[in-house]
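This report concerns only the one structure given below.
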Amino acid sequence: MDDLYRELILDRFQQPHYRGELDPHDISFEDDNPLCGDHIRIDLRIDGQEKVVEAAFSGQGCAISQASADLLLEEVIGKHLDEIKKLTKEDILDLLGIELGPVRLKCALLSLKVLKAGVYGLGEASDDLVE
């Protein structure tokens, strides 16, 4: 089963569905993982009911960070901002479908940290957002 998920991660890394930038956007935030140099920016368009109608990410990094961002954005389109605030690291791990060590976990969670910092309107992202 791990092989299937590894294949999904490689596919999303090589051919992401949500790579790009939204201009104009309603929410935008970016941050990096200083341990490995991964960088993610997430842009969202929100409708009048506070639901995500469009999402895109840009940046560079390892297959885990980039695939995680792509899978996460697929998950949040159509969701209310309050639902996004409730996402956890377990949600990301479920999307990826494989076990990760501590260093790779930081890579996988970068997109969630960036997304939640943007949704909360924070000036700075914090690891506390992904617990």
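Kindly indicate whether Val52 is over 11 Å from the mean Cα position of the chain (by Cα), at pLDDT 95 or above, within 16 Å of Asp26 (Cβ to Cβ) and surrounded by 19 or more Cβ atoms within 10 Å (Cβ to Cβ). Even if it seems obvious, please write down each step before you answer.
Details: over 11 Å from the mean Cα position of the chain (by Cα): yes; at pLDDT 95 or above: yes; within 16 Å of Asp26 (Cβ to Cβ): yes; surrounded by 19 or more Cβ atoms within 10 Å (Cβ to Cβ): yes.
The answer is yes for Val52.
Please determine, by comparing only the residues of region 5-45 that are polar (S, T, N, Q) and surrounded by 15 or more Cβ atoms within 10 Å (Cβ to Cβ), which one is farthest from Ser58 (Cα to Cα). Give the derivation first.
Quick first cut of region 5-45, residues polar (S, T, N, Q) only: 14-15, 28, 33.
Filter again for surrounded by 15 or more Cβ atoms within 10 Å (Cβ to Cβ), leaving 28, 33.
Numbers: Ser28: 11, Asn33: 14 Å.
The residue in question is Asn33.
Quick one: in region 55-67, of everything that is without any contact (Cβ under 8 Å) to a residue 40 or more places away in the chain and more than 16 Å from Gly78 (Cα to Cα), which residue is surrounded by the most Cβ atoms within 10 Å (Cβ to Cβ)?
Looking only at region 55-67, we keep the residues that are without any contact (Cβ under 8 Å) to a residue 40 or more places away in the chain, and these are 55-56, 58-60.
Still in the list and also more than 16 Å from Gly78 (Cα to Cα): 58-60.
Numbers: Ser58: 17, Gly59: 19, Gln60: 11.
Going through the qualifying residues, I end up with Gly59.
Among the residues of region 87-127, which ones are small (Gly, Ala, Ser) and in contact with a strand residue (DSSP E or B) (Cβ under 9 Å, 6 or more places away or on another chain)? Give the derivation first.
Pass one, region 87-127, residues small (Gly, Ala, Ser): 97, 101, 108, 111, 117-118, 121, 123, 125-126.
Scanning region 87-127 gives Ser111, Ala117, Gly118, Gly121, Ala125.
If you scan region 52-89, which residues turn out to be of a type in the set (A, V, I, L, M) and outside any strand (DSSP E or B)? Before the answer, list the steps.
Step one: of region 52-89, the residues of a type in the set (A, V, I, L, M) are 52-53, 55-56, 63-64, 67, 69, 71-73, 76-77, 81, 84, 87.
Ala63, Ile64, Ala67, Ala69, Leu71, Leu72, Leu73, Val76, Ile77, Leu81, Ile84, Leu87, listed by residue number.
From Ile84, Ile27, grab the single residue that is farther than 28 Å from Glu7 by Cβ, touching a strand residue (DSSP E or B) at 6+ places or on another chain (Cβ under 9 Å) and modelled with pLDDT of 90 or more. Outline the logic, then answer.
Details: Ile84 fails: farther than 28 Å from Glu7 by Cβ.
Just a single option satisfies the conditions, and that option is Ile27.
Among the residues of region 82-94, write down those that are crowded, with 19+ Cβ neighbours inside 10 Å and over 15 Å from Lys113 (Cβ atoms).
Taking region 82-94 as the starting set, the residues that turn out to be crowded, with 19+ Cβ neighbours inside 10 Å are 84, 87, 92.
None; the set is empty.
Identify the residue in region 107-131 that is modelled with pLDDT under 90 and assigned to a helix (DSSP H, G or I) and, among all such residues, is nearest to Arg12 (Cα to Cα).
Of all residues in region 107-131, those modelled with pLDDT under 90 come to 121-131.
Remaining after also requiring assigned to a helix (DSSP H, G or I): 127-130.
Numbers: Asp127: 24, Asp128: 26, Leu129: 24, Val130: 22 Å.
Ranking the qualifying residues of region 107-131, first place goes to Val130.
Going through region 95-115 one residue at a time, which ones are surrounded by fewer than 22 Cβ atoms within 10 Å (Cβ to Cβ) and in contact with a Lys or Arg (Cβ under 7 Å, 6 or more places away or on another chain)?
Within region 95-115, just Ile98 meets the criteria.
Does region 22-51 hold any residues that are under 17 Å from Ser65 (Cα atoms), touching a residue at least 24 places away in the same chain (Cβ under 8 Å), not aliphatic (A, V, I, L, M) and not in a strand (DSSP E or B), and which are they?
Our first condition is that a residue be under 17 Å from Ser65 (Cα atoms); within region 22-51, this holds for 29-43.
Still in the list and also touching a residue at least 24 places away in the same chain (Cβ under 8 Å): 29-33, 35-38, 40-42.
From what's left, not aliphatic (A, V, I, L, M): 29-33, 36-38, 41.
Cys36, Gly37, listed by residue number.
Being among the acidic types (Asp, Glu) and closer than 13 Å to Glu75 by Cα is the filter here; which residues of region 86-102 pass it? Walk me through it before giving the result.
Just the residues of region 86-102 that are among the acidic types (Asp, Glu), to begin with: 90-91, 94, 99.
Result: Asp91, Asp94.
Would you mind telling me which numbered condition in (1) closer than 14 Å to Leu109 by Cβ; (2) at pLDDT below 95; (3) of a type in the set (Gly, Ala, Ser) Ala69 fails?
Of the numbered conditions (1) closer than 14 Å to Leu109 by Cβ; (2) at pLDDT below 95; (3) of a type in the set (Gly, Ala, Ser), the odd one out for Ala69 is (2).
Suppose the filter is touching an Asp or Glu at 6+ places or on another chain (Cβ under 8 Å) and basic (Lys, Arg); does Arg6 pass it? Break it down into steps so the answer makes sense when it comes.
Numbers: touching an Asp or Glu at 6+ places or on another chain (Cβ under 8 Å): no; basic (Lys, Arg): yes.
Criteria not met by Arg6.
The values are calculated or read from the model by the stated rules, or taken from the named source; none is laboratory data. If you're wondering where the values come from, they're calculated on a predicted model, not measured in any experiment. Methodologically, a virtual Cβ is constructed for each residue, glycine included, from the backbone with ideal geometry; neighbour enumeration extends over all protein chains shown.
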